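Where a number appears in this text, it was derived from the coordinates with a stated rule and is not lab data. These numbers come from a predicted model, not from an experiment. Neighbour counts are summed over all protein chains in view; Cβ atoms, including those assigned to glycine, are modelled from backbone coordinates with ideal geometry.
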Amino acid sequence: MRRTATLAIVSLLVLTASAPAPEFSAAGYAADAKALPDLIRDNYAYLDDLPGGKVPSSPQLDAERDDVHDADSLLHYAEDMITALADSHALTAKSFKDDWAIVPSYSDLWIDENGGFVVGAVREGSPAASAGVKPGDYLLLIDGVPPEVAVKAFWDRLGLPQVAKGGRYDNPERYAIQVLVAGRRDRPRKLVFKRGNQVRDLTLDSLYTWSAHQPDRPALTVTRAGDATTIRFNNSIGDLDTIKAFDAAMATVPAHAPVVIDLTDTPSGGTSAIARAIMGWFVTRPMPYQMHQLPSEERETGIKRQWVEYVLPRRGKYHPGPVSVRAGHWTGSMGEGLAVGFMALGKTACGSRMAGLKGAVYDFDLPRTGLRVKFPAERIYTIAGRPRENVDLKPCR
């Protein structure tokens, strides 16, 4: 089976199973279903975070595996096995039109379930923001069902318990509620909120529908206030053309003027090449910015593999003035890497909790059908050794 590192962050994918696919024998589909749990066991970087340190299993999942006989049943099973990881950085390369939305790329609400299901943040310019949903609102119902009941049903269907795995970001309840409020891709969401004594019954477009009607945005939005320049990335750090746009923007900034890097709308992450190009404007010598581990190599050989990634100066491109970073709930994956990378360079990063997407995603093709699944195969840490997904930021002033 083929394994390749993913360059573009996978949460941006919106592929469907409607495209014609080559037909394989029922035995081929069944063999790939049986191969998937071992593929996850051998390569998933965060196996230790799962209950018992094992690939999730249940009578329901086993029955679904044993019933795989064609492309659709294999994809359904693969989606359920990926869901069982409760990891928003894992998904299948194909999908169905009525699948759950990809979080955080196609989400507009951050729900904090601690002490009740409360809105922690609302994505700027989104359907939820347009409807007036605000942080502090209580979520009462999802499609007519209390959120705690919806979360239980989400995991009951897979025969899996709601067992917290230790980290703040890998609680199955947290994972499920973010998916549930993002809704199905092909239909509106019906959500009921309470604010004080006021109860509001809202129907919100799916972000798939909403985004299809939004005008195209440039890679960057550049604004100036006083002598400071703010460069906002419009979910564009997966597009190599962004490097040219950033270079052009930086070329207009006075030598010692402050620069603010706004990563608050980068939920789909991006590539390390773009991140290093951005940070390269602010260093004069090679500097470490994040650390990687490859658990699969240790599982195979017994020998740990760990390395540090560096950002290098770029010839003719250096800004000596101050730089700071803003991030938040819709700062995902390589966006988070940029935030912690700038912190490693001694720069200030502020904002709310980030998306908490784990590690670096690799592509894995199942051996018979080539169905591709995507999940973190590398763990990523700050230079100080803190898991990147658990990094806290101080609030911006």
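Here is how the numbers come out for the structure above:
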read-out: Gain in span if fully extended, Cys396 to Glu300, counting 0.36 nm per residue against the direct Cα distance; value: 30.2 nm
read-out: Per-residue [θ]222 nm for the chain (sum of -39500 (n - 2.57) over DSSP H runs n ≥ 4, rounded to 500); value: -7500 deg cm²/dmol
read-out: Sites matching trypsin sites (Lys or Arg not before Pro) across the range 284-383 that sit in DSSP coil, with at most 11 neighbouring C-beta atoms within 10 Å; value: Lys304, Arg315
read-out: Length-normalised contact order for the chain - Cα pairs under 8 Å, 6+ apart - percent; value: 19 percent
read-out: Three-way shape call for the range 220-265 based on the alpha-carbon gyration tensor, with the a/c threshold at 1.5; value: oblate
read-out: Chymotrypsin sites (Phe, Trp or Tyr not before Pro) restricted to the range 286-383 and DSSP loop, no more than 16 other C-beta within 10 Å; value: Tyr318
read-out: log10 of Debye I(q)/I(0), alpha-carbon scatterers only, for the chain at 0.07, 0.08, 0.11 Å⁻¹; value: -0.33, -0.43, -0.83
read-out: Order of Ile82, Ile102, Ile278 - criterion: other Cβ atoms within 10 Å of each residue's Cβ, fewest first; value: Ile82, Ile102, Ile278
read-out: Exposure proxy ranking, count of Cβ atoms within 10 Å, fewest first, for Glu79, Glu148, Glu389; value: Glu148, Glu79, Glu389
read-out: Residue order, fewest to most beta carbons within 10 Å, for Asp72, Asp87; value: Asp72, Asp87
read-out: For the chain, share of DSSP beta bridges that run antiparallel, in % to the nearest 5; value: 75 percent
read-out: Mean separation of Cα contacts under 8 Å, 6 or more apart, over the residue count of the range 47-141: relative contact order %; value: 15 percent
read-out: Residues Asp227 and Ala251, FRET efficiency given R0 of 25 Å [Cβ-Cβ distance, rounded to 0.05]; value: 0.90
read-out: Between helix 26-43 and the chain: long-axis angle, C-alpha atoms, 0 to 90°, nearest 10; value: 50 degrees
read-out: Linear extension gain, Asp216 paired with Asn197, 0.36 nm per residue minus alpha-carbon span; value: 2.9 nm
read-out: Cβ-defined net charge surrounding Gly341, 12 Å radius [Lys, Arg +1; Asp, Glu -1]; value: +1
read-out: Inter-label distance for Ala26 and Asp67, nm, one decimal - labels placed 7 Å from Cα along Cα-to-Cβ; value: 1.4 nm
read-out: Label-zone membership for the range 126-148, site Gln162, 7 angstrom Cα→C-beta point, backbone N under 18 Å; value: 138-148
